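Notes follow once the structure below has been shown.
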Amino acid sequence: MNLTLRVWRQSGPSDAGRMVTYKVEDVSPDMSFLEMLDVLNERLIVEGDDPIAFDHDCREGICGMCGMVINGVAHGEQRATTTCQLHMRHFEDGAEITIEPWRAAPFPVVKDLVVDRSAFDRIIQAGGFVSVPAGSAPDAHSVPVRKEDADAAFDAATCIGCGACVAACPNGSASLFTAAKITHLSLLPQGQPERLSRAKAMVDQMDSEGFGGCTNTGECTAVCPKGIPLDTIAQMNSDYLKANAK
Amino acid sequence: MKFTEGPEIRDTKAPEGPVEERWEKRKFGAKLVNPANKRKLNVIVIGTGLAGGSAAATLGELGYNVKSFCYQDTPRRAHSIAAQGGINAAKNYRGDGDSIYRLFYDTVKGGDFRARESNVYRLAQVSVNIIDQAVAQGVPFAREYGGLLDTRSFGGAQVSRTFYARGQTGQQLLLGAYQALERQIAAGTVQMHTRHEMLDLIVADGRARGVIVRDMVTGEIERHLADAVVLASGGYGNVFFLSTNAKGCNTTAIWRAHERGAYFANPCYTQIHPTCIPVSGEYQSKLTLMSESLRNDGRVWVPLRKNDERAPGDIPEEERDYYLERIYPSFGNLVPRDIASRAAKNVCDEGRGVGPGGLGVYLDFRDAINRLGRDAVEKKYGNLFEMYERITGENPYDVPMRIYPAVHYTMGGLWVDYDLQSTIPGLFVIGEANFSDHGANRLGASALMQGLADGYFVLPTTIGDYLAAGPFGDVDDEAVAQAEIRVRDKIDRLLAVNGTRTPDSFHRELGKLMWDYCGMERTEESLRKALERIPELRAEFWQNVKVSGTAEELNQVLEKAGRVADFFDLAELMCLDALVRSESCGGHFRAESQDADGEALRDDEHFAHVSAWEHGGEDGPVLHKETLEYEYVKMTQRSYK
């Protein structure tokens, strides 16, 4: 396959940035999207150009480090798929592909396609945990958990923190990310003691980071590689309201 | 490659007495640090995977002043996150005959009698606390309808002791550790440095006192001082270029500590995982593992005939060779990883492999689907099947999966004593980065167990014994300056070469060489060839590598070049270690040492020891042996027939 790429290049936070066009030839349909970029970068290095910087690590769809807006869609058009798991067989020979970084004010560009997502860590710091120091836990079987609750908690807990939800949201909201963690912990008995204070602290932190509000457009869940359901946001709002009513 | 032999290591600091009392004894004997003193004691932790993340969080909870570093943009990305199958614990919730002793026994035997009994027993003891801790944190393990935890049998175990969270156990456990870590960051006990890479260890007055790191965004070289340093930087499987490791996994932190004086133990022990998706082309950047839980229901086979090009569905039952069931009737498809991997290699070497290049075997779910129904199979393995289809474009419900072994884990690592302290006082090494608990072969679902055992429970106790004598005062300026100069020199040298080949192209070539000559099967001849080729390729690297950009910016080519440079040196030591160990054991198979059936043949008379390598100068490395003694589990040849 032969492709034309239009890629966002930005040397650093203070650079204005621009789209640059590259031709890539002899792409195998079995390549992953990132392997296709590897091939281009190898060429750029040898030619003395600056290769395209992008974040990636596990390349098996679980670490959450990779993420690009491909043809206008976070992680590309393939559903429930991270950028690293997207393969070239889903593109037509001769296609033109645009590649951009996540765009949201709380995710400033570091370089090219690399953005700073540390705002997510600060949301977790605000309360996305159960306060249980090592060594203080009772026997694991002392508190049974209904299977339905454990399964639903797991579904919310599969969030990989990639930030696609923010990139896709017209408001730049981090509601799906925050709600996933709140829901995971609020469905389990272990999460109950801190349930309301957690919801309040995390939502307040999310707001103070400059993420937008949720208006139920559902773009977040559509691009989410793990399919985190939209109703987690209802759970978050409910806990948040209760916390504020106290 | 030259080497010399130095004095044996005689004291591992494990207490004497009955094995089940040793950890209790050590805990009681460890000096305590006055709570008021803890916040005056600084500890650096490198890496935020299961071991490093849990250690940093726990040390923070105890009140130490912790600095944590990772190369990713957030600690939650560490590669522990990719572990799929599960975590072992001797809970015996099933009442199926499991016990601490049995987990200990299985792990010593599974490690092919090359691990320490004292360490392994402690691991089995602590395993039960890990599950309690994780559940209390809200880790959503799989549960049964009664609300209790579900378990499965996994990777060659005959009891059901593996706890799991669908195919994402590593993710859920890591997020538990990450959340505990973030809690400590918020509390101010842990200072987090993301996108920082450790490039050297500061050793002053015989103690590890800090690290030199590079800020990967600005390129700034920073010095961080402390009273103790903990390395939790993971394994070095990426020396093979293609492995199941994340792209960023590297040996730099442990290798540079090795250069500063930490012994490197059993570098040749690498684990080749039997169930990975085969290579599809030259551009391949990494390999993806399919959890070996798939072997519980999938049947492994190849065609009976060589070069059989028929589609799998067209090959009748009697022309299929379910070779694991045939050769190992009592364990069948559930034999340990090293055995399953080598068996796959053997049938492919016979010309009976399937898929492109004949480097693959089938993992077939047809019978499981007929027996249990498609829904039940989907419930158990749905996410794995999806992942397979995403990568290969083939649907495993209709066509058998194709799998092939790939480098997955490294049992070798920096040598540590019972306290997890290296040969440099004040340098502790935990998780995959050390060598301690898995011997020559790691059992499935034991990596998560070891990482968390080290980080939550073992290190926080043993490091206190060391720190009780601290704080250790000012650090000698000269030692810090020297370390910084070494780092800057290396970066300058890499940028100055300005050759024509990328770091990746060298890495790929080194990896191929290691896979061919120091991979699943090793011979004296292949290892000698590797020891000849590696220095040549390294010389070419230093003359012809091309690193674009500058040191004062985000420069992924420079990062990569530094890591590849260290992989060259490590590769050489791995081949030397593999050459000197002329027996076969666990994941290390020397073709010269096999029995009549082609099974690995250990040589306990000459090799029942740990090989701990001291970094050498002109005369090459120095080999120190630590004799292994088995008081409880009698040394026998493993048999899974």
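Computed from the coordinates by the stated procedures, all read-outs in this text should not be read as laboratory data. Keep in mind the model is a prediction, meaning the values are calculated, not measured. All Cβ positions, glycine included, derive from the backbone under ideal geometry; neighbour counts span all protein chains shown.
Loop only per DSSP, at most 15 neighbouring Cβ atoms within 10 Å: give me the GluC sites (Glu not before Pro) in region B:316-365, ordered by residue number. Can you show the working numbers first?
Numbers: sites: B:GLU317, B:GLU318, B:GLU319, B:GLU325, B:GLU350; in loops: B:GLU350.
Here the GluC sites (Glu not before Pro) that fit, given the DSSP loop and packing criteria, are B:GLU350.
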message: With θ taken as phi - 60° and the coefficients 6.51, -1.76 and 1.60, list the Karplus ³J(HN,Hα) couplings across region B:533-538 in order, rounded to whole Hz; mark glycine and proline as x.
response: 6, 4, x, 5, 5, 5
- line: Per-residue average of other protein chain Cβ atoms inside 10 Å, peptide B:276-286 -> 5
message: Explain nothing, just the number: dipole magnitude of the protein assembly as shown about its Cα centre with +1 on each Lys and Arg Cβ and -1 on each Asp and Glu Cβ, in debye rounded to the nearest 20.
response: 1880
task: Would you mind classifying the protein assembly as shown by shape? Square roots of the alpha carbon gyration tensor eigenvalues, ordered a ≥ b ≥ c; an a/c under 1.5 is rounded, otherwise it is prolate if a/b is larger than b/c and oblate if not.
output: rounded
Euclidean distance of C-alpha centroids, region B:82-104 and region B:9-67, integer Å: 24
message: Of B:SER99, B:ALA226, B:MET216, which is farthest towards the positive pole of chain B's charge dipole, taken about the Cα centre with +1 and -1 on the beta-carbons of Lys, Arg and Asp, Glu respectively?
response: B:SER99
query: Taking square-rooted eigenvalues a ≥ b ≥ c of the alpha carbon gyration tensor, is region B:501-641 rounded, prolate or oblate, where a/c under 1.5 means rounded and, failing that, a/b exceeding b/c means prolate?
result: prolate
Among A:CYS169, A:CYS84, A:CYS214, residue whose mean-square fluctuation peaks in a GNM of chain A (springs only between Cα atoms under 10 Å): A:CYS214
Between region B:344-419 and region B:240-280, the Cα center-to-center distance that results, in Å: 21
- prompt: Order of B:26-38, B:579-591 by packing, highest average Cβ count within 10 Å first?
  reply: B:579-591, B:26-38
- prompt: Which pairs, out of B:LYS109/B:LYS380; B:LYS2/B:LYS546; B:LYS25/B:LYS91; A:LYS181/A:LYS246; A:LYS181/B:LYS286, put more than 25 Å between their alpha-carbon atoms?
  reply: B:LYS109/B:LYS380; B:LYS2/B:LYS546; A:LYS181/B:LYS286
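What average number of partner chain Cβ atoms lie no more than 10 Å from the Cβ of the residues making up B:495-506?
Neighbouring Cβ atoms belonging to other protein chains average 2 per residue here.
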query: What order, most packed first, do the peptides A:20-28, A:86-94 have when packing is the mean number of other Cβ atoms within 10 Å of each residue?
result: A:86-94, A:20-28
- request: Could you tell me which of rounded, prolate or oblate describes region B:273-408, using a ≥ b ≥ c as the square roots of the eigenvalues of the alpha-carbon gyration tensor, with rounded for a/c under 1.5 and, failing that, prolate when a/b is larger than b/c and oblate otherwise?
  value: rounded
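Within 10 Å of each Cβ in peptide B:174-187, how many partner chain Cβ atoms are there on average? Round it to a whole number, please.
Across the residues of B:174-187, the mean count of other-chain Cβ atoms within 10 Å is 6.
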message: Show me the ranking of peptides B:430-440, A:35-45, B:232-242 by mean Cβ neighbours inside 10 Å, starting with the highest.
response: B:430-440, B:232-242, A:35-45
- prompt: Rg and Dmax of region A:33-182, Cα atoms, in Å?
  reply: 18.8, 63
